[in-house]
1. From the phi angles alone, apply the Karplus equation (6.51, -1.76, 1.60; θ = phi - 60°) to the stretch 76-85 and give each ³J(HN,Hα) in whole Hz, x where the residue is Gly or Pro.
2. Using label points projected 7 Å from each Cα along Cα→Cβ, tell me how many nm separate residue 131 and residue 78, to one decimal.
3. Can you tell me the mean projection area, over all orientations, of the convex hull of the stretch 55-168's alpha carbons? Units nm², please.
4. Computed on alpha carbon atoms, what radius of gyration and Dmax characterise the stretch 1-114, expressed in Å?
Amino acid sequence: MTEITTPLYCANHPAIATRLRCNRCEKPICPKCAIRTPTGYRCKECVRGQQKIFDTAQWYDYLLGFVVAGLLSLAASELTILVGGIGFIGWFLVIAGAPTAGIVIAEAAHFVTQHHRSRSLFLTVLAAVILGALPFLLTRILVLDFFGIAFQGIYLVLVAPTVYYRLSGIQLFK
């Protein structure tokens, strides 16, 4: 027995015939609209709706996270200048200390926001980290301290991704 069915067309692209459906809402979707999940293919609307469940940040989390991350980044940036001034060993200390400072900043922001999550919260904390380092970077630029500029650059290049990845929960190695 052969089953004769009418062709399905993508809900978002009516000119594209498909046999694929969202496994949540059963809406016909084409491969361009399909998002692969561990449980099967879903439409973008269902995935977006599921992601909103995990955004738990409140308005005050943005303020608290920004202030704490900015102040800690300011302190770590000053320590970077001080440690970088001790000579050749300072390079190694800055390279090893910046990711450690990133972990401390991320954990402090995580603590004051009560483990709330939101991509915009993570970006707000990341902006605070960069703005916290900006005063010392600008003063090093104004006095043309090339080693200070290099140390601040190393600090920012290492601390910014560490903070973001630590807050967002992305694991590079399992």
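A short reminder: the numbers here are calculations on the coordinates, not readings from a lab. What you see is a predicted model; the values in this text were computed from it and never measured. Cβ: placed from backbone, ideal geometry, glycine included. Neighbour counts: every protein chain shown.
1. 5, 5, 5, 5, 4, 5, 5, 5, x, x
2. Each label point is offset 7 Å from its Cα along the Cβ direction, giving 1.9 nm.
3. Spelled out: convex hull of the Cα atoms, projected over all directions, averaged, 6.2 nm².
4. 25.3, 83
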